[in-house]
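Structure, as C-alpha cells:
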Amino acid sequence: MLRRQWKRITIIVMFVFLALLSLEIGPLSDVSLSSFIYGDEVARLVFLHSRVPRTAAVILSAASLSVAGLLMQSISRNKFMSPTTAGTTDAAAFGLLISFIFLGHRSGVVQASFAFAFALLATMLFTSVINKLKIREVVYIPLIGMMYGGLIGAISAAVAFRFEAMQVMQAFNLGSFARLGNFTLVYIVLIPLFFSVLFATKFSIIGLGQDFAKNLGVNYNRVVFLGLIIVALISASTFVAVGPLPFIGLIIPNMATSFYGDNLKKSIFDLMIFGANFVLLCDIVSRLVIFPFEMNVSVTISVVGGIVFMIYLIRGMHSGKNRKAAA
Amino acid sequence: MIEVRSVSQSYSRDKEILKEVDLVVREREITALVGANGAGKSTLLGVMTNLLPAKKGVVMLDGVDIRKIKTNEVAKKIAFLKQTQQLSIRITVKDLVEFGRFPHCGGRLRDEDREKVEEAIYYMKLEDLQESYLDEISGGQRQRAFIAMILAQDTPYIFLDEPLNNLDIKYSVEMMKIVTKLVEDLGKTIVVVLHDINFAAAYASHIVAMKDGQVIKEGSPKEVITPSVLNPVFDHDFHIVDHDGRSVCLYYDHE
C-alpha cells in the first residue's frame, strides 16, 4: 500500500514539474510564468490564449487516449489493441475528410461528430470480425489491425485525391499541439472520461471474459458497446483537436500496467497522469529540438512509441512461443 | 432449490447436446457430474446457471423460471466458475475477491462488503497473497483466489466446471478438501463437473453419470461406481476395488 502511495506521489510531482515546464516554453522568450504572475499584459494574453490551452490539450488528449487504449484492451482481452491498431484513428480521419469534402469548413463539433461516427463503426466492425476469426496468436491482431487501418487510410487517400483534398488530409494527419482554434474540442473528452470512472469496475470485469462477467450479473454486450462508444468519442475528439497521437493508447496502458495493475477503479487516475507525463515530455522535446520553431509532436511520439511498441511485440511473440511449448 | 425439468439443448438441428434432462440439485451436498467428453456435462452446468438459457424445458430457481430472473439477482444466488481462467488483465488477489461483491454493491464497496471480502480471503488462507498479482502466483493459489471471489459473492449455490484442470495432484486434493469444507462449514450446495471419476467417488455425496446428453444413472457413489453403470457411460471396461469401504476405479488395461 505504501509503495503504491509513493509511486503515485512520484508521478504527481513529475506531472506538476512537466506541466509548469510546458507552460514556460514558448517562442516569446520574455514571456514566462513569473511575468504572468506579476501581471504583465502580454504575458496574460499569451498564457490565456496559447500556452494554457495548449498544455491543457496535451494533458487531456494524452490522459483520455491512455484510458481509451486500456478500455480497448479490456474489451478485446488483448494487450495489443488500441485506437491506432484497430483502425479507429484512421476511420476518424476518414470521417473528418468526408465532412470536409461534403460540408466544407464547419465547426469542430460537426467534424468531431463525423469522426466519431466513422470511428465507432470501423472499430465495431474490426472487433466483431476479430472475435469471429478466433486468432490464437495475440500479436497478429494489432498487425491485422494496422493493415486494416492502412486500408482505411488508402481509401481516404483515394477519396481525397478524387476531390482534390490531398493537402487538407495531409494537414490533419499530422498530430500537433500547435494548431490553435480547435483546442476547445478536446474538452469533450471529459464526458467519456467521467463515464470511464463511473463504470470502471464493470470495464475491469468484462476484461476477465464473457462468462466471468455474466457470473457477476454484468451485462457483457451492453458494457462492451458503452466501452466502444467511449473509445470512439475520445479518438474522434482528440483527432479533430490535435490530430493523431500514435501508440499512446497502446504503450501507455502497457507501461502503466506493470506499475499499477489493471483494476481500472484503482489505477485510472495513475494511468491518466502517466500518459499525460509521457506526452508532456514528448511535446517539450518537440518544441526544444529546433527552438524557436517546433517539430510535430506526432513525430517524437512515433519515434519513442514505435520503439516501445517493438519491444512489447517481440516480448509478446516470445511469451506466445513459451505458452505453446508449455501446452 | 434448483430443478431441471425436461431440458433439451442443441446447437444445430440434428445434433442434440442435452435430451430431456431432469435433475433436482440436492441441497447442502456435493453433486458430481461425470461422463465422457461430449456427454453434455458442461452444457448442463451452463443451462443450470442460465449462462446458456434453456431452449426447451425449464430450469427453476426457488420455484421461478431462471430465465425470468434478472441476471443480477441470479448472481446473488448462483456462482459459477469455469475451467481455470486465462487471464488477460493484471489484477491483485484482493481486486478479484472484491469483484465477487459486484452483484451486491455494483462496484462501490460498503463496510459489509469489505468484511465479506476479508472473511473470504481469510477463509481461503490468502492473507499473505492479497496484494500479489494473479499472474505472479501458482495455479493452485490462483484457483483458491477464484474460490475466494465466489465466497465473497456469498451465494447458496456454487457450480464448478472442471476445477481440477491444470492442477497437480496435491492441489487437486487440496481443492476438493476446500469444496468439502464449504458444504460442511458454510452449508453451500455444490455442483461440480469432474473429469477424474476417482475424485468424484472420493469427495461427492451424489454422482450423476451422463452419456450422449442424457442422465444414465444418479445416486450415491456406492450406487454409481459399479462396472454395470460405468462401462456403458465411458464405453470402457472398469474394475472397481474396495479400499476401506470406498470404491476406487481401476480403468487401466491389464492383460
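Every number here is computed from the coordinates shown, using simple stated rules; none is lab data. It should be emphasised that the depicted structure is a prediction, and the values quoted were computed from it without experimental measurement. Quick reminder, even Gly has a Cβ in these numbers, built from the backbone with ideal geometry, and neighbours come from all protein chains shown.
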query = Quick one: Cα convex hull volume of segment A:124-167, Å³ per residue?
reply = 71 Å³
inquiry  = Please report the equivalent ellipsoid semi-axes of segment B:2-250, computed as sqrt(5 x eigenvalue) of the Cα gyration tensor, largest first, in whole Å.
reply    = 30, 23, 16
task = In a Gaussian network model over chain A where Cα atoms closer than 10 Å are linked, find which of A:Gly87, A:Gly150, A:Gly69 has the largest mean-square fluctuation.
result = A:Gly150
remark   = Rounded to 0.05, the calculated FRET efficiency for the beta carbons of A:Met124 and B:Ser132 at R₀ = 45 Å is 0.80
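Would you mind calculating the gained length between A:Leu174 and A:Asp40 on full extension (0.36 nm times residue separation, minus the Cα-Cα distance), in nm to one decimal?
Length difference between fully extended and current span is 44.9 nm.
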note = Inter-part gap, Cα centre of segment B:147-171 to Cα centre of segment A:24-102, in whole angstrom, is 46 Å
ask   = Gap in Å between the Cα centre of segment B:1-50 and the Cα centre of segment A:229-287?
value = 46 Å
remark   = Residues whose modelled amide H sits under 5 Å from the amide H of B:Lys56, counting only those 5 or more places away in sequence or on another chain, are B:Ser8
query = Using θ = phi - 60° and the Karplus form 6.51 cos²θ - 1.76 cosθ + 1.60, what ³J(HN,Hα) does each residue of segment A:141-154 get, whole Hz, x for Gly and Pro?
reply = 4, x, 5, 4, x, 6, 5, 4, x, x, 5, 4, x, 5
Spread of Cα-to-Cα distances over 10 Å intervals beginning at zero, given as percent, for segment B:13-83 = 16, 53, 28, 3
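Just need the relative contact order of chain A here, percent rounded to a whole number, with Cα pairs under 8 Å and 6+ apart.
29 percent
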ask   = Residue-wise, which Karplus ³J(HN,Hα) couplings in Hz belong to segment B:34-43, taking 6.51 cos²θ - 1.76 cosθ + 1.60, θ = phi - 60°, and x for glycine or proline?
value = 10, x, 6, 4, x, 6, x, 4, 5, 5
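Just need the relative contact order of chain B here, percent rounded to a whole number, with Cα pairs under 8 Å and 6+ apart.
Reported relative contact order: 25 percent.
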query = Which stretch or stretches of segment B:199-226 have amide N atoms under 18 Å from the point lying 7 Å from B:Asp237's Cα along the Cα→Cβ direction?
reply = B:226
remark   = Once amide hydrogens are built 1.01 Å from N within the peptide plane, the residues lying 5 or more places from B:Arg90 or on another chain with amide H under 5 Å from its amide H are A:Asp262
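If you place +1 on the Cβ of every Lys and Arg and -1 on the Cβ of every Asp and Glu, how big does the dipole about the Cα centre of the protein assembly as shown come out, in debye to the nearest 20?
1160 debye
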query = Roughly what percent of Cα-Cα pairs across segment B:1-136 reach past 23 Å?
reply = 48 percent
note = Rounded to the nearest 500, the 222 nm mean residue ellipticity computed for the protein assembly as shown from DSSP H runs (n ≥ 4, each -39500 (n - 2.57)) alone is -18500 deg cm²/dmol
note = With the charge dipole of chain A built from beta-carbon charges (+1 for Lys and Arg, -1 for Asp and Glu) about the Cα centre, the Cα from A:Ile135, A:Ala200, A:Asn215 projecting farthest to the positive end belongs to A:Asn215
request  = Would you please state the base-10 log of I(q)/I(0) at q = 0.11, 0.13 1/Å for segment B:132-215, with intensities from the Debye formula using one equal scatterer on every alpha carbon?
outcome  = -0.32, -0.44
remark   = Once the dipole of chain B is set up from charges on Cβ (+1 Lys and Arg, -1 Asp and Glu), the residue from the list B:Gly40, B:Leu51, B:Gly187 lying farthest towards its positive end is B:Leu51
note = Quick calc of log₁₀ I(q)/I(0), segment A:159-271, Debye, one scatterer on every Cα, no solvent, q values 0.15, 0.20, 0.23 1/Å, result -0.79, -1.13, -1.31
note = Computed over the protein assembly as shown, the distribution of all Cα-Cα distances in 20 Å bins, rounded to whole %, is 19, 44, 27, 10, 1, 0
request  = Could you list the square roots of 5 times each eigenvalue of the Cα gyration tensor of segment A:24-147, that is, the equivalent ellipsoid semi-axes, sorted largest first and rounded to whole Å?
outcome  = 39, 20, 10
task = Under 18 Å Cα to Cα from A:Lys265, which aspartates and glutamates show up? Leave out anything in the same chain fewer than 8 places away.
result = B:Asp95, B:Glu98, B:Asp111, B:Asp113, B:Glu131
ask   = With +1 on each Lys and Arg Cβ and -1 on each Asp and Glu Cβ, how big is the dipole of chain B about its Cα centre, in debye rounded to the nearest 20?
value = 900 debye
key: Using a Förster distance of 51 Å, the FRET efficiency for A:Val285-A:Leu133 (Cβ separation, nearest 0.05)   = 0.85
ask   = Mind listing the phi-derived Karplus ³J(HN,Hα) values for segment A:37-52, rounded to whole Hz, using 6.51, -1.76 and 1.60 with θ = phi - 60°, and x for any glycine or proline?
value = 5, 7, x, 5, 5, 4, 4, 4, 5, 4, 5, 5, 9, 10, 6, 5
note = Output row, site A:Met146, 7 Å Cα→C-beta label point, backbone N cut-off 13 Å, window segment A:70-108, residues A:80-82, A:84-87
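Taking 0.36 nm per residue of separation and subtracting the Cα-Cα distance, what length does fully extending B:Asp196 through B:Cys105 add?
In short, 29.0 nm is gained.
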inquiry  = Between A:Leu103 and A:Glu24, what is 0.36 nm times their sequence separation minus the Cα-Cα distance? Round to one decimal in nm.
reply    = 24.6 nm
request  = For an R0 of 30 angstrom, estimate the FRET efficiency from the Cβ-Cβ distance between B:Asn166 and B:Val248 and round to the nearest 0.05.
outcome  = 0.80
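Exceeding 30 Å between C-alpha atoms, which entries from my cross-link table qualify? They are B:Lys15/B:Lys170; A:Lys7/B:Lys177; B:Lys76/B:Lys125.
Beyond 30 Å: B:Lys15/B:Lys170; A:Lys7/B:Lys177.
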request  = Would you calculate the volume per residue, in Å³, of the smallest convex hull containing every Cα atom of segment A:2-320?
outcome  = 140 Å³
ask   = Under a plain spin-label model, where a point goes 7 Å from the Cα along Cα-to-Cβ, how far apart in nm are A:Ile191 and A:Val13?
value = 3.9 nm
